[in-house]
Amino acid sequence: MTLEVIGISVLWLFLFGYVIIASIDFGAGFFNAYSIVTNRQHILTKIIQRYLSPVWEVTNVFLVFFFVGIVGFFPKSAYYYGTVLLVPASFAIILLAIRGSYYAFTTYGGLKHKRYAVLYGLSGLLIPASLSIVLTISEGGFVTLENSGPLIDYGKLFMSPLSWSIVVLSLSAVLYISAVFLTWYAHYAKDEQAANLMRKYALIWAIPSMITASGIIVELAGHNPEHYERLINLWWLFALSVVFFAGTTYLIWKRRGYGTAVWLMIGQFLLAFFAYGVSHYPYLLYPHLTIYDGFTNRSMAISLIIVFIASLGLLLPSLYLLLKLFLFNKEYVQGKRNNHV
């Protein structure tokens, strides 16, 4: 295995961690806002606040590691993506700042208003939608190389069915992942009223997430045939992902094994996420940039790999302690201890 493959694999692992943790966070914010608008805050708000309180400050750690790593391992990616992502990345940063400010003021400053809660919830859907644009751009066909540098055709990008398919998938996946996790979390907290409501949301968003995922494959066949063929060659990974999805929805439907359903859901997205990454190899941006173009020097690559693996070794125990002391602490999840981190 080459250093380039090791580097992109480590980064893809960090990105997957962010996808799962951030999806739970973003979806929780949306469901909290929706419960307030529909006057169901007495059912969901407390359990969602208990989840968000310890984790909201660490959600973006994985994303920061990914962006630092992508520039460190593949400096040339900054040249290609730096300009074309200026608008969507700036939009996402503004939304992240809004979310962080809102939650800080709510948690520590006592800010309580339905309008701000709705803004917080909607921003949680707009962030993955804006970040998912990167996947569309990476498929090629939107960026041209000029003397002044890479230029993106925003008109073509926003008129592309593939682009909107990926955006819709990001929204449905966020809500599905979050609903499945919060169903288990509410059940673990012995709040069956909240668990039943989140179970309904999980079942509602299960089918759209699979339909939109299938829609992307269909759109990819016409947009990037080479990538489509690679995806089809990995059909067995996607088939196994569908089996995991079926197991998750079955357990949720039968109101049992919620913890197992969460692990099956993570496995489902892990298989699909890495199958997509493998099929995209070796391109970072079709057809202009591969992982072998502009890769950093060997000594720098080895140093980065060591640092990232060491960071993962520190991050995982820290997350374990966070989960053990708060999210998996029965007194905390049942509202008997209302500590804030």
When Lys and Arg each count +1 and Asp and Glu each count -1, what net charge do the other residues less than 11 Å away from residue 37, Cβ to Cβ, add up to?
-> +3
Answer label for Cα extents along the principal axes in Å (calculated), chosen among (i) 66, 47, 39; (ii) 60, 39, 37; (iii) 104, 47, 43 = (ii)
Which distance in nm do the two modelled labels at residue 292 and residue 154 give, with both placed 7 Å along the Cα-to-Cβ direction?
-> 3.6 nm
Contour excess over end-to-end distance, with Cα ends at residue 79 and residue 318 and 0.36 nm allotted per residue | 82.6 nm
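Could you work out the longest stretch of the chain that avoids the chymotrypsin sites (Phe, Trp or Tyr not before Pro) located in DSSP loops with at most 13 other Cβ atoms within 10 Å? Could the numbers behind the result be given before it?
On the way: sites that count: 292, 328.
The reported range is 1-291.
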So the angle from the long Cα axis of helix 3-37 to the longest Cα principal axis of the chain, reported in degrees to the nearest 10, equals 40 degrees
Long-range amide H contacts for residue 284: which residues qualify at under 5 Å (H placed 1.01 Å from N, peptide plane, sequence gap of 5 or more or a different chain)?
-> 289, 290, 291
Over segment 270-311 - Rg/Rh using Cα atoms and the Kirkwood inverse-distance radius = 1.08
Roughly what angle does helix 298-322 make with the longest principal axis of the chain, taking Cα atoms, 0 to 90 degrees, to the nearest 10?
-> 10 degrees
Run the numbers on the chain and let me know its relative contact order in percent, using alpha-carbon pairs under 8 Å that are six or more apart.
-> 24 percent
Cα long-axis angle, helix 235-253 against the chain (0 to 90 degrees, to the nearest 10) = 10 degrees
Spatially close lysines, pair count over segment 3-333: Cα under 21 Å, gap of eight or more or interchain | 11
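Any read-out appearing in this document is the output of simple, stated calculations on the displayed coordinates, not a laboratory observation. As the structure is a computational prediction, the values presented were derived from the model and not from experiment. Glycine gets a Cβ as well: all are built from the backbone with ideal geometry, and neighbour counts include every protein chain shown.
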